[in-house]
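Enquirer: The structure under discussion is supplied below as structure tokens; questions concerning it will follow.
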Amino acid sequence: LVLERHLNSNLGELLQNSGNLLIKSYGGIGNVASISMRGAGANHTKITWNGLPVNSITAGTADLSLIPVSFAESYTINYGASGSLFGDGTFGGSIDLNSQADWTHHLKNTSVRFSIEFGSIHTFKNALQFKVYGDKIQLFTNVVYQNAKNDFEYNDTELFGNPVYRRKNN
């Protein structure tokens, strides 16, 4: 149910609402989001997708705002030293994104899921998932589109008469 509610969100937004993790987000859509687990920095938290590291090779961190929630079917949070199962430098913990084939479907099946979201400051997000289950092949495709102008109006209380201005491309 948590993944269904956050289908158009990024991994940083999902984790911020899901547990006792510190997510440092530097603004709205398109801005950097990093994680801190158990007091360790973002470079000591490993993000993996089916066991493959997603963290940057040079900085050691992963930008959680670039990972859509809909790109994985389940998420595992490993706190503390148990994260060392995923490699060195993970004593803060690890987040594992899982997308596994489901061979329990004996019937040929196709499913399509489309999600759309509109928000304030001209925010638009949508996600399209397409799954095909067959006897010998499974296809899982995901397309995500996000756009936000981040335009908003505000009252400038420092000027006489509190004029209203519009901040563009914030």
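The values are calculated or read from the model by the stated rules, or taken from the named source; none is laboratory data. Owing to the predicted nature of the structure, the values given are computational and were not obtained by experimental measurement. Cβ coordinates were reconstructed from backbone atoms using ideal geometry, including for glycine residues, and neighbour counts include every protein chain displayed. Note: areas computed on protein heavy atoms with side chains; ligands, DNA, RNA excluded. Shrake-Rupley method; radii C 1.70, N 1.55, O 1.52, S 1.80 Å.
Enquirer: Could you work out the relative contact order of the chain? I mean the mean sequence separation of Cα pairs under 8 Å and 6+ apart, divided by the number of residues, in percent.
Expert: Details: 351 pairs, mean separation 28.4, N = 170.
Here the relative contact order equals 17 percent.
Enquirer: Nothing charged except the Cβ atoms of Lys and Arg (+1) and of Asp and Glu (-1): what's the magnitude of the dipole of the chain about its Cα centre? Round to the nearest 20 debye. If you can, show how the numbers build up before the last one.
Expert: Numbers: 13 positive and 13 negative charges, 43 e Å.
Using Cβ point charges on Lys, Arg, Asp and Glu, the chain gives about 200 debye.
Enquirer: Rank H6, H122 by accessible area, highest first, at a 1.4 Å probe radius?
Expert: H122, H6
Enquirer: Could you tally the net charge around D102, taking each other residue with its Cβ under 11 Å from the Cβ of D102, Lys/Arg +1 and Asp/Glu -1?
Expert: For residues surrounding D102, the net value is 0.
Enquirer: A further question follows. Measure off, as a whole percent, the carbon and sulfur share of the 1.4 Å-probe accessible area of the chain, all protein chains present.
Expert: 55
Enquirer: What does the charge count around S56 come to, taking other residues whose C-beta lies under 14 Å from its C-beta (Lys +1, Arg +1, Asp -1, Glu -1)?
Expert: For residues surrounding S56, the net value is 0.
Enquirer: Within region 100-170, which trypsin sites (Lys or Arg not before Pro) sit in a loop by DSSP and count at most 10 neighbouring Cβ atoms inside 10 Å? Walk me through the numbers on the way to the answer.
Expert: Values: sites: K108, R113, K125, K131, K136, K149, R166, R167, K168; in loops: K108, K136, K149, K168.
In loop regions of region 100-170 (DSSP not H, G, I, E or B), the sparsely surrounded trypsin sites (Lys or Arg not before Pro) are K108, K136, K168.
Enquirer: Can you give the Kirkwood hydrodynamic radius of the chain from its Cα pairs, in Å with one decimal?
Expert: One decimal place: 18.2 Å for the Kirkwood radius.
Enquirer: Whenever you get a sec, line up I77, I67, I95 from highest to lowest accessible area (probe 1.4 Å, protein heavy atoms).
Expert: I77, I67, I95
Enquirer: Right, next: Taking chymotrypsin sites (Phe, Trp or Tyr not before Pro) as candidate sites, keep only those in a DSSP loop with at most 13 other Cβ atoms within 10 Å, then name the longest stretch of the chain containing none of them.
Expert: That would be 27-102.
Enquirer: Also, I was wondering about something else. Could you provide, to the nearest whole Å², the per residue accessible area of the chain with probe 1.4 Å?
Expert: For the chain, the per-residue accessible area is 63 Å².
Enquirer: What is the sum of charges around F118, taking Lys and Arg as +1, Asp and Glu as -1, for the other residues whose C-beta is under 13 Å from the C-beta of F118?
Expert: On the way: positive: K125, K149; negative: E117.
Spelling it out: positives minus negatives among the neighbours equals +1.
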